[in-house]
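Comments concern the structure below.
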Amino acid sequence: MSGERRLRIRAATEEDLPHIVRLDAEAFPGDPYPYFVLRQLLASFPHFVFVLEDGTDLGGYVLSTPPDAARSWILSLGIAPGLRGQGLGRRLMTRILGHLRAAGVRSVSLSVEPGNDSAVALYRSLGFVPDPDGPRKDYFGPGEHRLLMTLSLRRRGLLSRPWSTPRFRRSRPRTPR
């Protein structure tokens, strides 16, 4: 993925599947989703998978469940290792959270490896709150602990419109020169 091209977020298509599989393996080398799982998730939730592209390649993806009784789960957020630390995960999360809120979701949950400090910090900065009981031991099987986090989309303020950018108002009109 070229850093010189303009990045955009769009809905994923079936043609993106091989790239999503590659990204998932790069982002989670120890335990990527199998190809068939990603295929079924994309087929089952086509309106809830977004990718970050530069016109020639994908640099990230986010996958959520559709609303179920106004609740949804973020199933995966993957960013190519060479593109991490540039705010791309935040951009993808902001897009999916806005999409979920527009679909009527009021509560979004996710699970994260407790030692993934950068992911936990990202989710906290977006308003996700960790489960007060702390990480759940063996949540994904023996030795696979996870911290569960939840975001309420009911709150007012920035989180009530996570897809928007802040607008700044001038205190007085600007005088033309």
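Legend: calculated FRET efficiency, Ser125 to Ala43, from the Cβ-Cβ distance at R0 = 30 Å, rounded to 0.05, equals 0.40. When a/c is below 1.5 the answer is rounded, else prolate if a/b is larger than b/c, else oblate, so apply that to region 70-143 with a ≥ b ≥ c taken from the square roots of the Cα gyration tensor eigenvalues. It comes out oblate by the Cα gyration axes. For region 25-88, the list of trypsin sites (Lys or Arg not before Pro) that fall in a loop by DSSP and count at most 15 other C-beta atoms within 10 angstrom reads Arg84.
Take 21-29, 114-122, 95-103 and order them by the average number of nearby Cβ atoms within 10 Å per residue, most first; the result is 95-103, 21-29, 114-122.
Per residue, the solvent-accessible area of region 19-106 (1.4 Å probe, heavy atoms of protein chains only, all protein chains present) comes to 45 Å². Heavy-atom surface analysis with a 1.4 Å probe gives region 1-128 a carbon and sulfur content of 51 percent of its accessible area. Solvent-free Debye calculation, one equal scatterer per alpha-carbon of region 33-112: log10 I(q)/I(0) at 0.12, 0.21 Å⁻¹ equals -0.34, -1.00.
The values are calculated or read from the model by the stated rules, or taken from the named source; none is laboratory data. Not measured: the values here are computed from a predicted model. For neighbour counting, all protein chains shown are included, and Cβ atoms are generated from backbone atoms with ideal geometry for every residue, glycine included. The protein model used for the area step is the full one, side chains on, heavy atoms only, and it has no ligands, DNA or RNA in it. Shrake-Rupley method; radii C 1.70, N 1.55, O 1.52, S 1.80 Å.
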